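Working notes, beginning with the structure itself.
Coordinate-derived values only; no laboratory data. Values in this document were obtained by computation on a predicted structure and should not be read as measured data. We place every Cβ from the backbone using ideal geometry, glycine too, and count neighbours over all the protein chains shown.
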Amino acid sequence: MSIEPDRLSPVQDEFYQALMAAHAGLDETESHALNARLVLMLANRIGDVNVLTQLLQSARSYSND
Amino acid sequence: MAYEYKPFSYVPPAGLTQAEPRHAVAIVGAGPIGLALAVDLAQRGIRSVVLDDNNVVSVGSRAICWSKRTLEIFDRLGIGPRMLEKGVTWKIGRNFHGDKEVYSFDLLPEEGHKYPAFINLQQYYVEQYLVERAQEFPDLIDLRFKNKVVGHQDLGDAVKLDIQTPDGLYRLEADWMIACDGAGSPTRARMGLDFSGQTFEEQFLIADIEMEQSPFGDADVPERWFWFDPPFHSGKSALLHMQPDNIYRIDLQLDAGADHKAEAAEDKVIPRIKAIVGDKPFKLDWVSVYRFRCIKLDQFVHNRVIFAGDSAHVVSPFGARGGNGGIQDVDNLGWKLAAVLKGEAKAALLNTYHEERSFGSAENILNSARATNFMTPKTPIEELFRSETLRLAQDQPFARKLLNSGRLSLPCSLEGMALQTPAAAQVAPGRALLDAPLISETGNSWLLNEVQGDFTLVGFGDVTLPDLSGIRRIGINQRADHPCFTAAGNHAIRRYGSGKAYLFRPDGHVCAVFDTPTEQAVLTAKARALGAELENAA
């Protein structure tokens, strides 16, 4: 995996709260669908396939922990 | 060694046999908030009568984490050094996931402060020190134990209180009644004020244990250790703190549906503690089981009745924002109430106590609710995000910052509020003072000792301060005909800048900053801080 610099603080708690609020009231299937949409939208916002590929590999690398 | 409780003596009050004199201030509740307020007012020459239904200090350690800002306020009230000497100083917090450390933080990485980021000290010591401090003002503080307020009536320009004692009922009248009667405030209940907010389902077990060896293991360090999913308490969270007298505080998250009476029973608690400390001998000192609540009153000031501390707001404890928030209430209210009673300000100034402290308590509630939500995921998806955050936190710095085991209390900033004169500055108007060490020919001092208590104009570097009555003047790195100091280690200049004059309120918050502090500009700013520009709604 690659180590990403922290770009979220100092708003990390505000973000996390908003993320949980976005999921509030959804069942698990709906939440997974929301997550999928969110990943696609964040990918579009990043818009750099090299960065995205690196992030995908990095996220995947934790799977077998 | 466990604390020895000594009851305070009850003296039959005058009101039982004769008419009470009219009191300036009646403080309901002799907890840390009520006592601190009585001392603050006494230091300003204002009399108060303190009424408490009990006659001992807090049973159980309760509030233990006192923040740097709180200690600075207690320094002004005369017990800061004593608390620091007795308390356990700490500044490092460690978060664990299972048995692995995932993130640690240093709360005060810089030098040049009189007080550390936090000390741990049991609430009963703080109350004892405050009672002893209050007793140093026998002419100004009338402490009445076993005096239970059972009724009150707002008369418009005073409040009438009905008080039950072991010898019967009596009445007294006071210009102002300050309800410092805790989370279950009878004053609030009597007035029928809505006190609803977020209550969390999860319950927490809090235990104080006394042990010779350290539950921190071989490290034996005064730190704050927090576990997500600890090996000894699977799937839940746990917190460990060190207190004086070989007392340790353990917080354990319980199931939402746990039976709180059964959970507080020794046969249930002891195995849980053994799972943490192993075979090391220990003694249970105090146990409590409770639910978190995050609630505040819509309005802290109700004509002549004012709420302070837990009676006005309660938060979940992760973040040390309950007792610390209450002491900031006192710090904010004391000088304002004194100014109103002395005729230096209109009663409308007290509305800014609500404005400023309601904001502060909302900030505390927001932070502690976020921490509690992070600690206690409610749905499978919340659980999933939490566990993946923990997984990423093994090596991703951003994920470590997301781990929220309580964002620990920082001084509340009052930037942009009515009493402050806006200015661009390193320490913006509204922020609490940043302490710094000072040197003078007569001895060493700290900025907080020179600034707190009264309106104080401080000149940093090359700036000339006008001589104005009612405003204390201090110079730093300058020569003048008022007290001057050198900034030790240059900390003060680095923190505040050079060639600037800062006007501090009596509670140590900056209320104005000047490049050229003319008489007119300083007087206008001081008048504004005393509420001159407010509508007198009261």
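Inter-chain neighbour count for A:29-36: the average number of beta-carbon atoms from partner chains within 10 Å of each residue's beta-carbon is 2. Can you give the log10 of the normalised intensity I(q)/I(0) at q = 0.20, 0.33, 0.35 Å⁻¹, computed with Debye over equal Cα scatterers of the range B:496-536? Rounded to two decimals, the profile gives -0.62, -1.16, -1.20. The Cα center of the range B:277-324 and the Cα center of the range B:391-433 differ in position by 22 Å.
If you bin all the Cα-Cα distances of the range B:47-97 at 5 Å, starting from zero, the percentages per bin are 4, 13, 17, 19, 21, 14, 5, 3, 2, 1, 0.
Per residue, how big is the convex hull around the C-alpha atoms of chain B? Give it to me in cubic angstrom, could you?
Working: hull volume 87.4 nm³, N = 538.
Spread over its residues, the Cα hull of chain B gives 162 Å³ apiece.
Here's the picture: charge each Lys and Arg Cβ at +1 and each Asp and Glu Cβ at -1 in chain B, and of B:225, B:475, B:238 the one pushed furthest to the positive end of that dipole is B:475. Residue by residue along B:371-384, Cβ atoms of other protein chains within 10 Å of the local Cβ number 3 on average. DSSP assigns beta bridges within chain B; of those with both partners inside it, close to 70 percent run antiparallel.
When Rg and the Kirkwood radius Rh are both evaluated on Cα atoms of the range A:12-61, their ratio Rg/Rh stands at 1.04.
Taking the fewest neighbouring Cβ atoms within 10 Å as the starting point, the ordered list for B:61, B:469, B:311 is B:469, B:61, B:311.
Among the listed pairs B:100/B:283; B:236/B:378; B:100/B:401; B:100/B:268; B:86/B:114; B:268/B:378, a Cα-Cα separation exceeding 19 Å is found for B:100/B:283; B:100/B:268; B:268/B:378.
Listed by chain and number, the lysines whose C-alpha is less than 17 Å from the C-alpha of residue B:526, apart from same-chain residues fewer than 8 away, are B:336, B:342, B:346, B:500.
State the antiparallel share, in %, of DSSP beta bridges confined to the range B:437-529, rounding to the nearest 5.
Roughly 70 percent of the beta bridges in the range B:437-529 run antiparallel, per DSSP.
Only the Cβ atoms of Lys and Arg (+1) and of Asp and Glu (-1) were treated as charged; on that basis the dipole of the protein assembly as shown about its Cα centre amounts to roughly 520 debye. Using the Cα coordinates of the protein assembly as shown, the gyration tensor eigenvalues translate into equivalent-ellipsoid semi-axes of 41, 33, 24 Å, sorted from longest to shortest. Name the shape class, rounded, prolate or oblate, that the alpha-carbon gyration tensor gives for the range B:422-538, where a ≥ b ≥ c are the square roots of its eigenvalues, rounded holds for a/c under 1.5, and otherwise prolate holds if a/b is larger than b/c and oblate otherwise. Prolate, since a/c reaches 1.5 and a/b exceeds b/c.
The residue list B:339, B:350, B:381 was ranked by how far each Cα lies along the charge dipole of the range B:334-402 toward its positive end, using unit charges on Cβ atoms, and B:339 comes out on top. Of all aspartates and glutamates in the structure, those lying under 18 Å Cα to Cα from residue B:6, and not within fewer than 8 positions of it along the same chain, are B:52, B:53, B:127, B:132, B:245, B:285. Taking other C-beta atoms within 10 angstrom as a stand-in for reagent exposure, A:26, B:41 fall in the order A:26, B:41, fewest first.
The calculated Kirkwood hydrodynamic radius for the range B:258-352 is 16.9 Å, given to one decimal from all distinct C-alpha pairs. Rounded, prolate or oblate, given the Cα gyration tensor of the range B:178-247, with a/c below 1.5 counting as rounded? Oblate, because a/c is 1.5 or more while a/b does not exceed b/c. Assuming charge only on the beta carbon of Lys and Arg (+1) and of Asp and Glu (-1), the dipole of chain B about its Cα centre is about 460 debye to the nearest 20. Think of the range B:77-178 as a dipole: +1 on every Lys or Arg Cβ, -1 on every Asp or Glu Cβ, centred on the Cα centre; then among B:121, B:161, B:83, B:121 lies furthest on the positive end.
If you count, for every residue in A:17-26, the Cβ atoms of partner chains within 10 Å of its Cβ, what is the mean?
Numbers: counts 6, 0, 3, 10, 1, 0, 5, 4, 1, 2.
Counting Cβ atoms of other protein chains within 10 Å of each residue's Cβ and averaging gives 3.
Bridge orientation summary for the protein assembly as shown: considering DSSP beta bridges with both residues in this region, about 70 percent are antiparallel. Rounded to the nearest 20, the Cβ-based charge dipole of the range B:400-459 about its Cα centre (Lys and Arg +1, Asp and Glu -1) stands at 540 debye.
Order the peptides B:457-468, B:403-414 from the highest to the lowest mean number of other Cβ atoms within 10 Å of their residues. All intermediate terms of the calculation are to be shown ahead of the outcome.
Values: B:457-468: 18.4, B:403-414: 22.3.
The peptides rank, most packed first, as B:403-414, B:457-468.
Annotation: the residues B:376, A:53, sorted from fewest to most other C-beta atoms within 10 Å of their own C-beta, follow the order A:53, B:376.
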